[in-house]
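Before any comments, here is the structure.
The values are calculated or read from the model by the stated rules, or taken from the named source; none is laboratory data. In this text the structure is predicted, and so the values were computed from the model without any measurement. Every residue, glycine among them, receives a Cβ derived from its backbone with ideal geometry; neighbour counts consider all protein chains shown.
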Amino acid sequence: MSDDLPVEEVLAALEDYQQRTIDLYREHPDDPEACVKSLVRLHLSWTEEDPERAKMVSRYRGPVMAGPGKDRLTASNAAYFEQSKRWMKASVESGSMPSVSFNILHALVFAPTQELAKHWLGGRLKKNPTEYAETMGKAAWAGILAAGSATSEGSAP
């Protein structure tokens with residue numbers, strides 16, 4: 001099966017995406033709101049700039065991770081998530097972002113963009129994904145603020 005998998009292409013695409021994300025953390029070390037909005041835009045523009053690559057990653061990421069790309073992708077993911085958590089921790093410690101779990105932050109930022117991208121890639125969305133970036137970025141930041149408020153009230157960790 002690994003002969004049919006575009007292992008190198010999937011790994012290169014994911015590593016490119018991860019590096020772009022890390023670059024945004026570095027560009028916005030003291031402004032998590034701008035960073036979150038930029039992360040939303042990044043996901044949508046990354047999908048829009050090369051739809052075939054986005055479809056390939058969506059289709060083959062799991063099989064690559066389960067097989068011939070496991071070690072490289074595991075290492076890449078570990079470095080990526082470590083940088084993400086470091087940026088998040090610094091943002092929380094500076095008081096510029098509420099404390100929310102990494103999983104909640106990740107879901108609020110990326111799940112909606114992934115859903116929108118999926119609809120666009122499937123031909124069910126007529127506008128380009130980036131046309132929604134500003135609204136979705138504001139919604140992601142509002143969601144983080146709301147999650148932080150709920151957490152501080154003891155409603156949800």
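Give me a count of the residues in the range 131-157 that are in contact with a Lys or Arg (Cβ under 8 Å, 6 or more places away or on another chain) and either surrounded by 20 or more Cβ atoms within 10 Å (Cβ to Cβ) or aromatic (F, W, Y) (or both). Steps first, answer last, please.
First, the residues of the range 131-157 that are in contact with a Lys or Arg (Cβ under 8 Å, 6 or more places away or on another chain): 133-134, 137-138, 140-141.
This time we only want the ones that are either surrounded by 20 or more Cβ atoms within 10 Å (Cβ to Cβ) or aromatic (F, W, Y) (or both), so: 133, 137, 140-141.
The number of residues fulfilling the criteria is 4.
Considering only residues that are charged (D, E, K, R) and more than 17 Å from A13 (Cβ to Cβ), look in the range 62-90 and name the one that is surrounded by the fewest Cβ atoms within 10 Å (Cβ to Cβ). Show your work before the answer.
Of the range 62-90, the ones charged (D, E, K, R) are 70-72, 82, 85-86, 89.
Now drop any that are not more than 17 Å from A13 (Cβ to Cβ), which leaves 71, 82, 85-86, 89.
On the way: D71: 8, E82: 11, K85: 12, R86: 12, K89: 13.
Filtering first and then ranking leaves D71.
Would you tally the residues in the range 93-143 being part of a loop (DSSP other than H, G, I, E, B) and touching a residue at least 12 places away in the same chain (Cβ under 8 Å)? Walk me through how you get there before you give the answer.
As a first pass, look at the range 93-143 and keep what is part of a loop (DSSP other than H, G, I, E, B): 94-101, 122-128.
If we keep only those that are touching a residue at least 12 places away in the same chain (Cβ under 8 Å) as well, we get 94, 96-101, 128.
Residues flagged as part of a loop (DSSP other than H, G, I, E, B) and touching a residue at least 12 places away in the same chain (Cβ under 8 Å) within the range 93-143 amount to 8.
Quick check on the range 1-15: of everything there that is assigned to a helix (DSSP H, G or I) and of a type outside the set (D, E, K, R), which residue is surrounded by the fewest Cβ atoms within 10 Å (Cβ to Cβ)?
Initially, the range 1-15 is screened for residues assigned to a helix (DSSP H, G or I), giving 7-15.
Then drop every residue that is not of a type outside the set (D, E, K, R), which leaves 7, 10-14.
Details: V7: 18, V10: 24, L11: 20, A12: 13, A13: 19, L14: 20.
Among those that are assigned to a helix (DSSP H, G or I) and of a type outside the set (D, E, K, R), it is A12.
Report yes if some residue within the range 40-50 is at pLDDT 95 or above and over 16 Å from R20 (Cα atoms); otherwise report no. Explain how you work it out, then say what you get.
Filtering the range 40-50 for residues at pLDDT 95 or above gives 40-50.
Now restrict to residues that are over 16 Å from R20 (Cα atoms): none.
No.
Which ones in the range 51-61 are in contact with a helix residue (DSSP H, G or I) (Cβ under 8 Å, 6 or more places away or on another chain) and loosely packed, with under 15 Cβ neighbours inside 10 Å? Break it down into steps so the answer makes sense when it comes.
So in the range 51-61, the residues in contact with a helix residue (DSSP H, G or I) (Cβ under 8 Å, 6 or more places away or on another chain) come out as 51, 53-58, 60-61.
Residue satisfying the conditions is P51 alone.
What number goes with the only condition from (1) farther than 21 Å from A34 by Cβ; (2) modelled with pLDDT under 95 that S149 does not pass?
(1)
With the requirement that a residue be in contact with a helix residue (DSSP H, G or I) (Cβ under 7 Å, 6 or more places away or on another chain), surrounded by fewer than 16 Cβ atoms within 10 Å (Cβ to Cβ) and farther than 19 Å from S91 by Cα, what does the range 16-37 give you?
none
Hey, any hits in the range 85-105 for a residue that's at positive phi and over 14 Å from the mean Cα position of the chain (by Cα)? Step through it out loud before you land on a result.
Let us first name the residues in the range 85-105 that are at positive phi, namely 95.
Okay, now just the ones that are also over 14 Å from the mean Cα position of the chain (by Cα), so 95.
Within the range 85-105, one or more residues are at positive phi and over 14 Å from the mean Cα position of the chain (by Cα).
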